[in-house]
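Enquirer: What follows is a structure written as structure tokens; I'll ask about it next.
The values are calculated or read from the model by the stated rules, or taken from the named source; none is laboratory data. Everything numeric here is computed off the predicted structure, so don't read it as measured data. Cβ placement follows ideal geometry from the backbone for every residue including glycine, while neighbour counts extend to all protein chains displayed.
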């Protein structure tokens, strides 16, 4: 059996890696929007705000989310939805799911498409206020890589997503 692996970079504050990992695990255990069979949060993937690579990792995560939104909007445009008024004729199905995913990425609900998530502000971006806090006390902030794993039994890995809501358990 193969695995479908989905990675999320999670920004959060905390006194150290261990407490931040526990917080990330509690968050994923408590969210109804994502359920993985296993959740790995490896220490070697963690970046502290005091490290030189923190800014680049943050920028990469934000850019990845923007890229996903742009790709989803391009899909809608390809189908003829180019203005807000066009969305009134959007029927339930694949295209409405795309719009739903864009809304989640804009409003702060974590989902399978979230590459970066700001746990401090429940957001896919970082406010100016939080940017100032990070600059003032960088050692208090972390980006942890949460890797969700779903077992795939068939030939199509997307089948694992189609039954996503029925999945359970979390590991470290």
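Enquirer: In segment 113-156, how many are touching a residue at least 40 places away in the same chain (Cβ under 8 Å) and assigned to a strand (DSSP E or B)?
Expert: 15
Enquirer: Okay, next question. Evaluate the following for residue 64: is it surrounded by 13 or more Cβ atoms within 10 Å (Cβ to Cβ), over 21 Å from residue 99 (Cα atoms) and touching a residue at least 40 places away in the same chain (Cβ under 8 Å)?
Expert: Considered against the rule, which asks whether it is surrounded by 13 or more Cβ atoms within 10 Å (Cβ to Cβ), over 21 Å from residue 99 (Cα atoms) and touching a residue at least 40 places away in the same chain (Cβ under 8 Å), residue 64 comes out as no.
Enquirer: Further, regarding this structure: Any idea which of (1) farther than 30 Å from residue 144 by Cβ; (2) modelled with pLDDT under 90 is the one residue 97 doesn't satisfy?
Expert: Status for residue 97: all satisfied but (1).
Conditions tested, residue by residue: (1) out of contact with any helix residue (DSSP H, G or I) (no Cβ under 7 Å at 6 or more places or on another chain); (2) over 25 Å from residue 132 (Cα atoms).
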residue	(1), (2)
2	yes, yes
10	no, no
19	yes, no
41	no, yes
79	no, yes
88	yes, yes
